[in-house]
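Undergrad: Here it is, the structure, as structure tokens.
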């Protein structure tokens, strides 16, 4: 749908015209399910200015507004400005009085459904390998695409591990879910077409990743770690390091 201005209809702004911070702001806002009006109300700004930040190539706003915007989006200034883009997760200090909680199967499945990147652990002739893959959650399995002849493809017919996690370095908390099951290659063309339609994105690694692998779990476990005082009120937690 086109937008209308005083000069007449205008096409929607392409994501390619956004600055890096604009992309981060809009992506985080959409993750939280907030409108621009919601964000503006949270940080004491105008919805038009939030739109301007998201859609135009602009220099960084003042530090005071950035702090308010980060709070409104439940993140940090460093996250919004790209200061943590190349930092590995888990560099923050451990939470104060951490609370570790085992997750039930239902909660594990819910968390699996919120993410598109997981890690596949397979055994190869050269030893164990762990690789990140884009995945989707099915009713009774997870599925990912790969290239025939690669280590992830070697998972087919074998019992493997599949792991998903999320970390919040600001709060030093997070969660992890581990799924163990037998992997199968999908060979039926109708099923392949259905999986292609359900995929949220093409594989980030690119290439002709046409082989779908499904993993039906025989065991699902998970854990959540948070600071004890924040555990009762927070749903964002940090996985325990093994």
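The values are calculated or read from the model by the stated rules, or taken from the named source; none is laboratory data. Worth saying up front: this structure is predicted, and the values here are computed from it rather than measured. Cβ placement follows ideal geometry from the backbone for every residue including glycine, while neighbour counts extend to all protein chains displayed.
Undergrad: Whether any residue in region 100-108 is modelled with pLDDT under 85, outside any strand (DSSP E or B), more than 19 Å from residue 24 (Cβ to Cβ) and in the same structural domain as residue 162 (by TED's automatic domain parsing) is what I want to check.
TA: no
Table: residues versus (1) more than 15 Å from the chain's Cα centre (by Cα); (2) at pLDDT 90 or above; (3) in the same structural domain as residue 208 (by TED's automatic domain parsing).
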residue: 93; (1), (2), (3): yes, no, no
residue: 124; (1), (2), (3): yes, no, yes
residue: 128; (1), (2), (3): yes, no, yes
residue: 142; (1), (2), (3): yes, yes, yes
residue: 156; (1), (2), (3): yes, no, yes
residue: 160; (1), (2), (3): yes, yes, yes
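Here is a yes/no grid of residues against (1) at pLDDT below 80; (2) outside any helix (DSSP H, G or I); (3) under 25 Å from residue 166 (Cα atoms):
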| residue | (1), (2), (3) |
| --- | --- |
| 41 | no, no, no |
| 45 | no, yes, no |
| 57 | yes, yes, no |
| 69 | no, no, yes |
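Here's the yes/no breakdown for (1) at pLDDT 75 or above; (2) in a strand (DSSP E or B); (3) on the phi > 0 side of the Ramachandran plot:
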{"residue": "164", "(1), (2), (3)": "yes, yes, no"}
{"residue": "178", "(1), (2), (3)": "yes, yes, no"}
{"residue": "190", "(1), (2), (3)": "yes, no, no"}
{"residue": "197", "(1), (2), (3)": "yes, no, no"}
{"residue": "204", "(1), (2), (3)": "no, no, no"}
{"residue": "212", "(1), (2), (3)": "yes, yes, no"}
{"residue": "215", "(1), (2), (3)": "yes, yes, no"}
{"residue": "224", "(1), (2), (3)": "yes, yes, no"}
{"residue": "236", "(1), (2), (3)": "no, no, no"}
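Undergrad: Still on this structure, I have one more. Whether any residue in region 183-193 is assigned by TED's automatic domain parsing to the domain that holds residue 153, in contact with a strand residue (DSSP E or B) (Cβ under 8 Å, 6 or more places away or on another chain), in contact (Cβ under 8 Å) with a residue 24 or more places away in the chain and crowded, with 19+ Cβ neighbours inside 10 Å is what I want to check.
TA: There is at least one residue in region 183-193 that is assigned by TED's automatic domain parsing to the domain that holds residue 153, in contact with a strand residue (DSSP E or B) (Cβ under 8 Å, 6 or more places away or on another chain), in contact (Cβ under 8 Å) with a residue 24 or more places away in the chain and crowded, with 19+ Cβ neighbours inside 10 Å.
Undergrad: Report whether or not residue 118 is at pLDDT below 90, within 26 Å of residue 208 (Cα to Cα) and either in the same structural domain as residue 209 (by TED's automatic domain parsing) or part of a helix (DSSP H, G or I) (or both).
TA: Considered against the rule, which asks whether it is at pLDDT below 90, within 26 Å of residue 208 (Cα to Cα) and either in the same structural domain as residue 209 (by TED's automatic domain parsing) or part of a helix (DSSP H, G or I) (or both), residue 118 comes out as no.
Residue by residue, here is whether (1) within 23 Å of residue 166 (Cβ to Cβ); (2) surrounded by 15 or more Cβ atoms within 10 Å (Cβ to Cβ); (3) at pLDDT 75 or above holds:
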position	(1), (2), (3)
2	no, no, no
17	no, no, no
48	no, no, yes
63	no, no, yes
76	yes, yes, yes
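Undergrad: I've got another one for you. Of the numbered conditions (1) out of contact with any strand residue (DSSP E or B) (no Cβ under 9 Å at 6 or more places or on another chain); (2) farther than 21 Å from residue 113 by Cα, residue 151 fails exactly one; give the number of that condition.
TA: Checking residue 151 against (1) out of contact with any strand residue (DSSP E or B) (no Cβ under 9 Å at 6 or more places or on another chain); (2) farther than 21 Å from residue 113 by Cα, the one that fails is (1).
Results for (1) touching a helix residue (DSSP H, G or I) at 6+ places or on another chain (Cβ under 9 Å); (2) without any contact (Cβ under 8 Å) to a residue 24 or more places away in the chain, shown as yes or no for each residue.
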site	(1), (2)
131	yes, yes
135	yes, no
150	no, yes
178	yes, no
181	no, no
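Undergrad: May I ask you to verify whether residue 37 is closer than 30 Å to residue 221 by Cβ and either modelled with pLDDT of 60 or more or under 17 Å from the mean Cα position of the chain (by Cα) (or both)?
TA: No.
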